[in-house]
Amino acid sequence: MKKRNLELYLHIPFCVRKCNYCDFFSASGTEEEQEAYVSAMVQEIQSYQELSGEYEVQTIFLGGGTPSLLTPEQIEQIFNAIYHTFSVNENAEITMEMNPGTVDIEKLHAMKAAGVNRLSIGLQSAQNEELKMLGRIHTFEEFLETWKLVEQAGFKNRNIDLMSALPGQTIESYEDTLSKVLALEPEHISAYSLILEEGTVFYDWYEKGKLDCGAWKLPSEEEEYAMGELTIQRLAEAGMHRYEISNYAKPGKECRHNLGYWDRTEYLGIGAGSSSLIKGERFDHIRDRKAYIEKIRNGESILIDREILSVESQMEEFMYLGLRKVEGVSRTDFQNCFGKNANDVYGKILDKLEEEQLLEFSGDRIRLTHRGMDVSNCVLAEFLF
């Protein structure tokens with residue numbers, strides 16, 4: 001029997017210091033807490049032995065937090081557990097997120113020995129003033145030192161994270177960041193526009209009016225749009241095509257793990273705060289490191305929410321996740337998944353969005369127009385029942 005494809009996501013909720021824009025489940029922790037957490041993760045991985053018989057792992061992604069805070073020994077422990085529990089495709093894409101200044105050559109060699117073949121490096125900006133304002137723990141010069149180590153270790157598939165529309169950022173400073181990053185010739189760039197999330201330092205500043213004027217004034221909507229257009233133009237000139245709203249890659253270097261997520265490939269989340277989608281059921285893990293460790297040790301459930309997705313929910317996800325990709329979604333795939341024509345379900349919405357020049361149709365495919373990409377959140381919300 002052919003095994004089903006599976007993606008693994010492992011959440012490492014430790015960081016040196018919480019950044020001012022970050023609303024992810026992460027915080028600083030002691031060495032003892034990190035060791036206990038890794039032991040709990042290993043135990044959780046091993047608990048999926050029965051599930052593993054049905055699936056072959058195609059991608060693995062370690063996110064956070066800052067996974068590169070793991071020691072070489074902890075990296076080895078985690079991957080040994082994965083390889084002993086799951087059938088992992090020999091060509092699997094294995095990504096690890098990392099921050100500048102948190103690795104040395106020994107740790108990078110440990111990552112490579114464990115099978116990691118793709119790195120995602122959080123830079124955000126090449127301007128030290130902007131990095132300081134973001135609450136980052138590194139300078140651009142320290143990022144360059146880390147980049148040299150990554151090259152020395154022989155990694156050939158590297159993503160750099162960038163952010164635009166930052167407080168105090170100008171079009172000129174952002175263009176300088178793009179120039180400096182493109183000079184390094186990364187294989188992939190994730191370029192996000194800042195979103196002010198509740199519970200973050202930036203949101204608090206915004207509420208208090210600190211981002212309305214002065215050195216930390218937020219760029220205007222026109223400036224934010226210009227930064228987005230500049231990103232598309234400069235990256236295209238460098239041979240990097242836009243394949244998703246915020247992601248650009250050289251040919252063949254698209255992130256397979258993220259593509260699987262947008263295509264609704266089944267995925268299994270491991271660790272506190274992670275989520276899974278298995279056989280049409282979504283379940284979430286407890287968002288508390290201490291409670292996660294204790295419950296794993298005691299053999300108790302770590303789930304806080306389970307939902308068997310209705311057909312309507314699956315249709316929604318098919319559209320609002322799939323349309324994030326530049327190539328959009330396939331009508332044939334929709335028909336095969338749900339036994340219905342996309343027009344029968346979403347006909348009025350499709351006609352309306354095409355008339356507003358936010359969607360376009362090309363043969364079998366439905367995709368966002370360039371204008372639709374600019375207001376994607378509003379467009380994708382139209383597909384919620």
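The residues neighbouring residue 103, those whose beta-carbon lies less than 14 Å from its own, together hold a net charge of -2 under the Lys/Arg +1, Asp/Glu -1 convention.
Give the Debye-formula value of log10 I(q)/I(0) at each listed q (0.12, 0.14, 0.15 Å⁻¹), with one equal scatterer per alpha carbon of the chain, two decimals each. Results for the chain at q = 0.12, 0.14, 0.15 Å⁻¹ read -1.05, -1.42, -1.57. Neighbours of residue 355, meaning other residues whose beta-carbon lies under 13 angstrom from its beta-carbon, give a summed charge of -2 when Lys and Arg score +1 and Asp and Glu score -1. Taken about its Cα centre, the chain carries a charge dipole of about 680 debye when Lys and Arg each add +1 at the Cβ and Asp and Glu each add -1 at the Cβ. In the context of the full protein assembly, residue 263 retains an accessible surface of approximately 80 Å², using a probe radius of 1.4 Å and ignoring ligands and nucleic acids. In whole percents, the pair-distance distribution calculated for region 226-310 from its alpha-carbon pairs, binned every 10 Å from zero, is 15, 30, 23, 21, 10, 1.
Between residue 39 and residue 128, what is the FRET efficiency for a Förster distance of 45 Å, r being their Cβ-Cβ separation, to the nearest 0.05? Between residue 39 and residue 128 the formula returns 0.75. Think of the chain as having a plus end and a minus end, set by charges on the Cβ of Lys, Arg, Asp and Glu; of 318, 209, 167, 318 sits farthest toward the positive end of this dipole. Extending 7 Å from Cα along the Cβ direction at residue 375 and again at residue 294 yields two label points whose distance is 4.9 nm.
Summing Lys and Arg as +1 and Asp and Glu as -1 over all other residues whose Cβ lies under 12 Å from the Cβ of residue 303 gives a net charge of -2.
Legend note: in the chain, cysteines whose Cβ sits 4.7 Å or more from every other cysteine Cβ are 15, 213, 255, 337, 378.
How much space per residue, in cubic angstrom, does the convex hull of the C-alpha atoms of region 133-217 take up?
Per residue, the Cα convex hull of region 133-217 comes to 110 Å³.
To the nearest µm²/s, what D does Stokes-Einstein give for region 318-385 at 25 °C and 0.890 mPa s, using the Kirkwood radius over alpha carbon pairs as Rh? Answer from the Stokes-Einstein relation: 208 µm²/s. The heavy atoms of residue 18 present about 80 square angstrom of accessible area, all protein chains included, probe 1.4 Å. The trypsin sites (Lys or Arg not before Pro) found in region 337-385 that occupy coil by DSSP, while having at most 13 further C-beta atoms within 10 Å, are 340.
Largest first and in whole Å, the equivalent-ellipsoid semi-axes of region 261-321 read 26, 11, 9, each the square root of five times a Cα gyration tensor eigenvalue. Each of 362, 47 has its accessible area taken with a 1.4 Å probe; listed largest first, they run 47, 362. Among the listed pairs 148/217; 112/295; 107/156, which are separated by more than 22 Å between their Cα atoms? From 148/217; 112/295; 107/156, over 22 Å: 148/217; 112/295.
Name the helices (complete DSSP H segments) of the chain with a Cα length along the long axis of 30 Å or more and a Kyte-Doolittle mean of at least 1.0, or state none.
None pass (Cα extent of 30 Å or more, hydropathy at least 1.0).
For region 39-81, the Kirkwood radius over C-alpha pairs fed into Stokes-Einstein at 25 °C and 0.890 mPa s yields D = 209 µm² per second.
For region 239-385, the C-alpha radius of gyration divided by 2.2 N^0.38 Å, with N the number of residues, is 1.22.
Each part reduced to its alpha carbon centroid, region 44-82 and region 353-371 end up 39 Å apart. Relative protection proxy for 211-218, 187-194, from highest mean packing down: 187-194, 211-218 (other beta-carbon atoms within 10 angstrom).
FRET efficiency for the pair residue 141 and residue 332, taken as 1/(1 + (r/R0)^6) with r the Cβ-Cβ distance and R0 = 41 Å, rounds to 0.20.
The values are calculated or read from the model by the stated rules, or taken from the named source; none is laboratory data. Only a predicted model underlies this, so the values are computations on that prediction, with no experimental measurement involved. Glycine also receives a Cβ, built like all others from the backbone with ideal geometry; neighbour counts cover every protein chain displayed. Just so you know, the surface numbers come from the protein's heavy atoms only, side chains and all, with ligands and any DNA or RNA stripped out. Shrake-Rupley method; radii C 1.70, N 1.55, O 1.52, S 1.80 Å.
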